[in-house]
2 protein chains.
Amino acid sequence: MNWQTLSFDSGSPVPIYRQLSARLAGWIREGVLPDGSRLLPTRELAGLLGLNRTTVAAAYEALEQDGLLKAHVGRGSFVCSTGGRAVRFDWETRFRPSLPAPPSFPPAEPDSLNFASWRHRPSGWAMTALRDAAGQALDRDAAAILQLGPSEGYGPLREWLWSGMQAAGNARPEDDLLVTSGCQQGLDLLAKVLVAPGESVLIEDPVYPGARDLFLAAGVQVHGLAVGAEGIFTTELEQELARRRPRLVVVTPNFQNPTGASLPLEARREVLRLAARFQTPIVENDVYAGLRYRGEDLPTLKSLDTEGLVIYLRSFSKAAFPGLRVGWCVAPRAVARRLIAAKQLTDLHTDQLSQAVLYRLAADGILERYLSELRATGSARLEAALSACCDLLPAEVEFSAPNGGAHLWLHLPAPLDASDLLARARDHGVVFLPGRFFDVSRSHSGALRLTFAGLEPDQIRRGIAVLADLLHALAPAAQGRSEGGVPALV
Amino acid sequence: MNWQTLSFDSGSPVPIYRQLSARLAGWIREGVLPDGSRLLPTRELAGLLGLNRTTVAAAYEALEQDGLLKAHVGRGSFVCSTGGRAVRFDWETRFRPSLPAPPSFPPAEPDSLNFASWRHRPSGWAMTALRDAAGQALDRDAAAILQLGPSEGYGPLREWLWSGMQAAGNARPEDDLLVTSGCQQGLDLLAKVLVAPGESVLIEDPVYPGARDLFLAAGVQVHGLAVGAEGIFTTELEQELARRRPRLVVVTPNFQNPTGASLPLEARREVLRLAARFQTPIVENDVYAGLRYRGEDLPTLKSLDTEGLVIYLRSFSKAAFPGLRVGWCVAPRAVARRLIAAKQLTDLHTDQLSQAVLYRLAADGILERYLSELRATGSARLEAALSACCDLLPAEVEFSAPNGGAHLWLHLPAPLDASDLLARARDHGVVFLPGRFFDVSRSHSGALRLTFAGLEPDQIRRGIAVLADLLHALAPAAQGRSEGGVPALV
């Protein structure tokens with residue numbers, strides 16, 4: 001038996017004892033270690049392999065538990081390959097280590113005040129319009145909808161989107177547009193086309209976990225840019241561009257998730273100047289476009305870009321129906337061509353029934369009417385959230401003041417931890433997402449996200465009142481450190 | 001000017017001169033090379049960098065064309081950064097080199113006999129049923145359908161699929177099921193979870209380009225397994241498992257695309273024995289399930305698997321409506337959990353409207369009725385294709401004899417090239433896909449795929465008659481080599 005051929009990867013997330021037991025199990029299954037043969041004593045094998053004896057013992061124990069080995073006191077451990085039939089393949093050793101575990105969050109009770117996620121509740125007229133649109137789409141164009149379609153998107157929808165993007169200054173003649181299965185897929189395709197494992201990407205910090213984990217899963221180095229009341233800091237962006245030489249910078253200039261912050265016009269211009277200087281592409285995630293409740297819309301990065309460096313992502317998810325997975329991407333033609341090729345390999349194309357239904361709703365002006373309704377509702381909810389925060393929260397609690405979108409970001413005074421607050425709030429029927437969900441390079445354990453867009457104004461006030469009561473009770477613990485200045489909103 | 005810091009990657013697909021021009025352009029844009037400064041003469045810079053002078057000259061020329069450099073005869077080349085404004089970012093240098101160009105195929109004329117792709121044409125009753133199902137799905141469950149849903153799939157559809165898979169022996173208690181956006185996404189998720197760049201995968205050769213290119217785009221080594229009249233050869237599989245130690249083997253045991261070949265029962269068992277011996281996961285792509293026109297269904301690899309090594313992929317695409325992108329995957333629970341996590345990062349979840357519509361069609365028995373109709377139609381078309389091949393093609397042309405699916409594979413006698421045949425056939429209004437589209441490790445330039453499932457029997461006969469006439473005219477060129485034996489069908 002050539003034991004010395006066993007080698008181990010100490011950099012692997014799989015523990016050494018497990019690597020050893022997997023190799024031995026392989027030898028048993030392949031008959032290299034035949035049934036009834038005796039394994040080396042743990043001390044001896046440990047010496048041969050330069051391992052700790054307890055490591056080898058743990059490997060033998062794992063094999064014994066799997067029924068591949070039988071230990072006889074005083075005689076040693078014997079291969080028992082008949083037991084091997086019962087042993088299933090050890091998948092855990094086969095997974096790519098870069099895949100992050102999905103964030104786990106216990107589901108909210110049905111009757112709780114849910115500030116953790118945003119559930120749309122379309123009104124009756126919108127439901128009727130949707131049902132009609134589905135029937136009409138099938139009546140008018142079933143032959144095309146039911147076939148395999150173009151990877152770049154269902155023709156009528158794509159043309160409608162293109163005109164809209166051109167009119168808004170978000171598409172130039174040298175650009176092209178592809179339909180994606182939401183913004184999330186836009187990012188996934190960009191990672192595939194533009195970022196190799198080991199390369200760097202800059203994203204906001206905090207950021208919604210889907211953006212962070214997508215790049216991490218692809219083996220990409222993800223570096224966070226702090227987010228203040230007015231979005232990322234261009235001074236830090238400049239430093240990080242110089243230091244990391246990233247392949248992409250991903251930003252959400254409007255109503256960023258989770259902070260709700262928006263980037264002012266001058267900062268947008270500066271982002272573009274830096275992008276040009278460092279020749280670094282910018283991905284503009286504009287998933288909350290159309291959901292401004294106060295003030296005037298600011299020009300997108302895409303519309304201000306003169307260098308062809310901005311890739312623009314948008315979706316019907318927040319502005320229409322999240323369950324229909326349809327978004328789009330406007331990019332310089334060379335990039336769009338690659339994204340379309342990657343899209344074809346990823347899922348051929350986005351579902352055509354939903355594309356056709358959304359096209360009908362868009363072309364008939366229904367989506368615009370629905371969006372006005374969402375804005376009116378959202379505006380009332382934002383006002384309720386901000387006034388409840390002002391009226392009820394302890395003065396030491398900082399909160400963002402977004403002008404649109406769905407989320408508010410709260411910063412608790414040190415040393416309070418938002419996860420502790422959540423545990424207490426749950427008991428009172430209130431849930432939210434603690435800041436740690438959104439960590440990139442920094443810890444946000446003292447912060448939390450309140451998603452106001454899915455609750456009625458009175459629910460919002462009641463929920464924030466619960467949090468305020470809990471915080472007032474906890475405040476003494478924090479007072480020692482919260483004096484002496486307003487903490488920065490990050 | 002620190003010219004020596006310029007270094008080049010000779011392994012990159014970007015030519016050296018272009019790497020040099022990109023670096024210099026960066027220096028010009030960043031002001032490192034200020035406006036009006038003189039570049040080193042090409043000979044001098046070439047000497048410093050150890051490059052050929054023509055390489056440096058080509059880089060300068062590119063910069064001049066971009067307006068970043070101005071050459072003055074006898075004085076040298078001067079930076080002209082004002083021209084830099086007009087220069088757009090050079091995206092070509094930023095794309096990941098592993099992304100293969102999508103196969104290009106000129107579109108078929110509308111009135112041509114199209115053997116290149118399969119267009120479903122649902123009958124009237126199916127269209128009505130579909131329209132009703134869309135209305136009912138929205139009437140019954142709009143609140144859930146329109147929200148963000150679970151990454152593993154829309155609950156009612158997932159449960160229905162799970163029962164069906166259990167009943168068919170394709171799911172065991174230790175398995176789990178997730179809904180995907182077609183089989184293509186199933187493969188994409190598997191690549192993400194189980195295969196790192198540089199690792200190996202075995203697939204059939206020929207194979208449909210989507211499977212091959214997906215892995216190539218992920219930087220994976222793709223090795224082909226020859227396909228004969230009865231699918232892959234287990235002797236070659238054994239050799240390649242030993243030689244390549246692949247992370248996955250991807251096979252389509254039923255009506256493989258493009259050959260139409262099916263793996264006999266004994267070969268299925270041998271594939272599983274080899275998988276167990278080499279502890280290698282098998283991905284069973286059963287996208288043509290339900291489309292058998294002759295004989296009895298064979299057990300799937302998944303149903304025969306006792307080791308928990310088979311991952312099963314299937315879709316509504318071929319058996320219902322390709323434009324609705326809904327498929328599914330049954331896998332050991334640990335794998336399914338990872339796939340669901342990867343799915344969430346890829347596109348959150350599959351479109352819920354289509355999932356709900358397909359669930360209604362499935363639950364009401366409509367899909368089964370529709371599939372029977374597809375089978376009846378497909379059977380007549382297969383018979384027409386085979387009898388036309390028998391009656392009309394020159395004896396030297398070999399063709400596969402599938403029992404289901406959509407495709408027939410023809411092997412022309414050497415030295416005929418299927419691309420040449422296609423050029424002539426186009427002139428007579430007949431198109432098909434030449435074998436080279438499906439190459440993995442071998443050349444299939446003498447073969448071609450005839451997709452019979454989308455044409456009426458009389459169209460099929462007419463189209464094959466056109467090919468037969470062309471081949472009879474070409475045959476003399478081939479006769480010298482086609483004598484002496486029947487070529488192997490690969």
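The values are calculated or read from the model by the stated rules, or taken from the named source; none is laboratory data. The structure presented is a predicted model; accordingly, all values stated were derived computationally and were not measured. When we count neighbours, we look across all protein chains shown, and the Cβ atoms used for this are built from the backbone with ideal geometry, even at glycine. Note: accessible area is taken over every heavy atom of the protein model, side chains too, but ligands, DNA and RNA are not part of it. Shrake-Rupley method; radii C 1.70, N 1.55, O 1.52, S 1.80 Å.
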On average, how many beta carbons from a partner chain sit within 10 Å of the beta carbon of a residue in A:126-138? 4
Quick one: plug the Kirkwood hydrodynamic radius of the stretch A:334-430 (C-alpha pairs) into Stokes-Einstein at 4 °C, 1.567 mPa s, and report D in µm²/s. 72
Give the nm distances, rounded to one decimal, from A:N2 to the matching residue in every other copy, measuring between label points 7 Å along Cα toward the beta carbon; shortest first. 4.9
Which FRET efficiency value, to the nearest 0.05, is calculated for A:D9 and A:E64 with the Förster distance at 25 angstrom and r the Cβ-Cβ distance? 0.55
Based on the inverse mean of 1/r over its pairs of different Cα atoms, what is the Kirkwood hydrodynamic radius of the protein assembly as shown, in Å? 31.1
How many Å² of accessible area per residue for the stretch B:39-82, probe 1.4 Å? 55
Let me spell out the model: positive unit charges on the Cβ of Lys and Arg, negative unit charges on the Cβ of Asp and Glu, origin at the Cα centre of chain B. What dipole size does that give, in debye rounded to 20? 1260
Please compute P(r) over all alpha-carbon pairs of the stretch B:206-276, binned at 5 Å starting from zero, and give each bin as a whole-number percent. 3, 16, 27, 25, 21, 7, 1
State the percentage of accessible surface on chain A attributable to carbon and sulfur atoms; use a 1.4 Å probe and exclude ligands, DNA and RNA. 50
How big is the dipole moment of the stretch B:138-280 about its Cα centre under a simple scheme where the beta carbon of each Lys and Arg is +1, that of each Asp and Glu is -1, and everything else is neutral? Debye, nearest 20, please. 320
Looks like the stretch B:213-356, by Cα gyration tensor root eigenvalues a ≥ b ≥ c and the a/c under 1.5 rounded cutoff (else prolate when a/b is bigger than b/c, oblate otherwise), is oblate
If you wrap a convex hull around the Cα atoms of chain A, how much volume per residue is inside, in Å³? 212
Compute the acute angle (0 to 90°) between the alpha-carbon long axis of helix A:418-427 and the principal axis of greatest extent of the alpha-carbon atoms of chain A; round to the nearest 10°. 80
Env charge @ A:R333, Cβ radius under 9 Å, K,R +1 / D,E -1, value -2
With each run of n ≥ 4 DSSP H residues scored as -39500 (n - 2.57), what mean residue ellipticity at 222 nm is computed for chain A after dividing by its residue count and rounding to the nearest 500 deg cm²/dmol? -14000 deg cm²/dmol
Considering Cα pairs under 8 angstrom that are at least six residues apart, work out the relative contact order of the stretch B:198-350 and quote it in whole percent. 17
Taking Cα pairs under 8 Å and at least six residues apart, what relative contact order does the stretch B:302-385 come out at, in percent? 22
Using Stokes-Einstein with the Kirkwood hydrodynamic radius over Cα pairs, what translational diffusion coefficient do you get for the stretch B:19-108 at 20 °C and a viscosity of 1.002 mPa s, in µm²/s rounded to a whole number? 147
Just to confirm the number: angle between the C-alpha axis of helix A:182-194 and the first principal axis of chain A, 0 to 90 degrees, nearest 10? 60
Within 10 Å of the Cβ of an average residue in A:20-33, the count of other chain Cβ atoms is 1
How large is ³J(HN,Hα), in whole Hz, for each residue of the stretch B:280-290 in order, when computed from phi with the Karplus curve 6.51 cos²θ - 1.76 cosθ + 1.60 and θ = phi - 60°, using x for Gly and Pro? 10, x, 10, 9, 9, 8, 10, 5, 9, 3, x
Give me the mean projected area, in nm² to one decimal, of the convex hull enclosing the Cα positions of the stretch B:105-263. 13.7
Using a ≥ b ≥ c from the Cα gyration tensor of the stretch B:129-178 (square roots of the eigenvalues), is it rounded, prolate or oblate, where a/c under 1.5 gives rounded and otherwise the larger of a/b and b/c decides, a/b for prolate? oblate
Using the Kirkwood formula on alpha carbons, the hydrodynamic radius of the stretch B:114-197 in angstrom works out to 16.1
Along Cα-to-Cβ, 7 Å out, sits the label point; list in nm, shortest first, how far the one on B:P34 is from those in the other copies. 8.3
Longest principal axis of chain B (C-alpha) makes with the long axis of helix B:265-277 (C-alpha) an angle, in degrees to the nearest 10, of 50
What average number of partner chain Cβ atoms lie no more than 10 Å from the Cβ of the residues making up B:197-206? 1
Once accessible area is computed for A alone, B alone and the pair with a 1.4 Å probe, the total buried surface, to the nearest 100 Å², works out to 7600
Relative contact order for chain B, counting Cα pairs under 8 Å that sit 6 or more residues apart, in percent: 18
Regression test value, accessible area per residue of the stretch B:297-365, probe 1.4 Å, units Å², expected 21
